[in-house]
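Asks: If you scroll down you'll find the structure; I have some questions about it.
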Amino acid sequence: MSQLALALQLADHAVFSSFLESGNESLVATLKRVAGGDADHGCWLWGARSSGKTHLLQAVCERAGDRAVYLPMSLLADAGTALLDGMATRDLICIDDIDQVLGDSDWETALFALANQLSDNGGQLVVTAAVSPRESSIQLADLQSRLTRLPVFQLNVLSDPERASALQLRSRHRGLDLPDDTAHYLLKRSRRDMASLYELLDKLDREALRAKRRLTIPFVRAVLGASPEAS
């Protein structure tokens with residue numbers, strides 16, 4: 001089974017080289033070891049919305065290649081637990097937004113079976129959630145016990161200067177030059193969560209390519225529809 005077996009495709013930008021590690025160096029180092037098959041158990045990764053959980057989980061899968069399978073529960077929860085059948089034969093299972101199915105008895109039973117099979121087979125499990133395992137809505141005590149054994153990491157939220165650096169890193173990954181003043185202008189003129197900022201950067205990339213323009217403040221202001229007086 002490949003990454004596309006469930007008609008799910010990893011985002012082309014979701015690689016380790018396009019993720020700003022500031023404050024999360026230990027976590028990223030652990031995930032790289034997991035992707036290489038060196039970590040024993042995997043881990044539980046939690047943090048606020050748009051903090052980079054999906055990016056990192058997909059980066060693990062990208063580096064691990066066909067050893068891994070990516071399962072976003074926000075898209076697959078309604079598909080039922082049968083999609084987990086046979087998954088334990090894989091080396092690495094990456095479950096995104098596991099809290100989408102926690103509290104559901106069928107899912108919890110299936111996840112417990114999967115975790116046990118993975119452990120028996122020497123496989124690894126990496127999951128993301130909005131909270132830590134002890135704060136999650138797990139009802140099955142055995143599953144709670146199993147998942148709390150995973151190393152737990154919380155993603156640190158980026159400061160504004162780090163957000164600007166993250167935008168510039170993503171820009172370089174796309175072959176764009178995002179000057180310091182333009183990056184800081186974007187922070188002032190848009191929502192500050194990274195998902196919104198990256199979405200805006202995608203739009204600017206398309207417009208800059210179409211217009212054959214650099215990402216200067218006047219160009220960005222024009223794309224955003226701001227008045228000439230905006231600063």
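Asks: When both residues are 6+ apart or on different chains and their Cβ atoms are under 9 Å apart, which pairs have a first residue that lies in the range 53-71 and is over 14 Å from Val34 (Cα atoms) and free of Cβ contacts under 8 Å to residues at least 60 places away in the same chain, and a second that is of a type in the set (A, V, I, L, M, F, W, C) and part of a strand (DSSP E or B)?
Replies: Short answer, once both residue conditions are applied: none.
Asks: How about the range 19-47: which of its residues are touching a helix residue (DSSP H, G or I) at 6+ places or on another chain (Cβ under 8 Å), outside any loop (DSSP other than H, G, I, E, B) and either closer than 15 Å to Leu158 by Cα or among the acidic types (Asp, Glu) (or both)?
Replies: Leu27, Val28, Trp46
Asks: Name the one entry in Arg146, Arg134 that is among the basic types (Lys, Arg), surrounded by 15 or more Cβ atoms within 10 Å (Cβ to Cβ) and assigned by TED's automatic domain parsing to the domain that holds Val60.
Replies: Just one listed residue meets the conditions, Arg146.
Asks: Then there is this: Of all residues in the range 94-118, how many are closer than 19 Å to Asp66 by Cα and out of contact with any helix residue (DSSP H, G or I) (no Cβ under 6 Å at 6 or more places or on another chain)?
Replies: Of the residues in the range 94-118, 1 are closer than 19 Å to Asp66 by Cα and out of contact with any helix residue (DSSP H, G or I) (no Cβ under 6 Å at 6 or more places or on another chain).
Asks: Any residue at all in the range 154-171 that is among the β-branched types (Val, Ile, Thr), surrounded by 15 or more Cβ atoms within 10 Å (Cβ to Cβ) and out of contact with any helix residue (DSSP H, G or I) (no Cβ under 7 Å at 6 or more places or on another chain)?
Replies: Yes: the range 154-171 contains one or more residues that are among the β-branched types (Val, Ile, Thr), surrounded by 15 or more Cβ atoms within 10 Å (Cβ to Cβ) and out of contact with any helix residue (DSSP H, G or I) (no Cβ under 7 Å at 6 or more places or on another chain).
Asks: Is one or more of the residues making up the range 74-90 surrounded by 20 or more Cβ atoms within 10 Å (Cβ to Cβ), of a type in the set (Val, Ile, Thr) and at negative phi?
Replies: Within the range 74-90, none of the residues are surrounded by 20 or more Cβ atoms within 10 Å (Cβ to Cβ), of a type in the set (Val, Ile, Thr) and at negative phi.
Quick grid of which residues meet (1) exposed (fewer than 13 other Cβ atoms within 10 Å of the Cβ); (2) modelled with pLDDT under 90; (3) within 25 Å of Ser18 (Cβ to Cβ); (4) not assigned by TED's automatic domain parsing to the domain that holds Ile93:
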{"site": "Thr128", "(1), (2), (3), (4)": "no, no, yes, no"}
{"site": "Asp142", "(1), (2), (3), (4)": "no, no, no, no"}
{"site": "Gly175", "(1), (2), (3), (4)": "yes, yes, yes, yes"}
{"site": "Asp180", "(1), (2), (3), (4)": "yes, no, yes, yes"}
{"site": "Tyr185", "(1), (2), (3), (4)": "no, no, yes, yes"}
{"site": "Lys188", "(1), (2), (3), (4)": "yes, yes, yes, yes"}
{"site": "Arg191", "(1), (2), (3), (4)": "yes, yes, yes, yes"}
{"site": "Thr216", "(1), (2), (3), (4)": "no, no, yes, yes"}
{"site": "Ser231", "(1), (2), (3), (4)": "yes, yes, no, yes"}
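Asks: At least 1 residues that are under 18 Å from Ile95 (Cα atoms) in each: list the helices (runs of 4 or more DSSP H) lying fully within the range 111-222 that qualify.
Replies: Filter on the range 111-222 gives 141-147.
Asks: Quick one: which of Ala64, Ala59, Ala68 is under 14 Å from the mean Cα position of the chain (by Cα), of a type outside the set (Asp, Glu), more than 20 Å from Ser132 (Cα to Cα) and buried (at least 21 other Cβ atoms within 10 Å of the Cβ)?
Replies: Exactly one residue qualifies, and that residue is Ala59.
Asks: Across the range 93-123, what is the total count of residues that are more than 20 Å from the chain's Cα centre (by Cα) and of a type in the set (A, V, I, L, M, F, W, C)?
Replies: Residues flagged as more than 20 Å from the chain's Cα centre (by Cα) and of a type in the set (A, V, I, L, M, F, W, C) within the range 93-123 amount to 8.
Asks: If I ask for residues that are closer than 26 Å to Gly47 by Cα and surrounded by 18 or more Cβ atoms within 10 Å (Cβ to Cβ), which ones from the range 199-214 would you list?
Replies: Leu200, Leu201
Asks: Is it the case, given these coordinates, that Asp106 is in contact (Cβ under 8 Å) with a residue 24 or more places away in the chain, more than 22 Å from Leu27 (Cα to Cα) and surrounded by fewer than 22 Cβ atoms within 10 Å (Cβ to Cβ)?
Replies: yes
Asks: Related question: Determine which member of the set Leu158, Leu215 is of a type in the set (A, V, I, L, M), under 30 Å from Val127 (Cβ atoms) and touching a residue at least 24 places away in the same chain (Cβ under 8 Å).
Replies: Going through Leu158, Leu215 in turn, the sole match is Leu158.
The values are calculated or read from the model by the stated rules, or taken from the named source; none is laboratory data. Bear in mind that the values here come from a model prediction, so they are computed numbers and not experimental data. Neighbour counts are summed over all protein chains in view; Cβ atoms, including those assigned to glycine, are modelled from backbone coordinates with ideal geometry.
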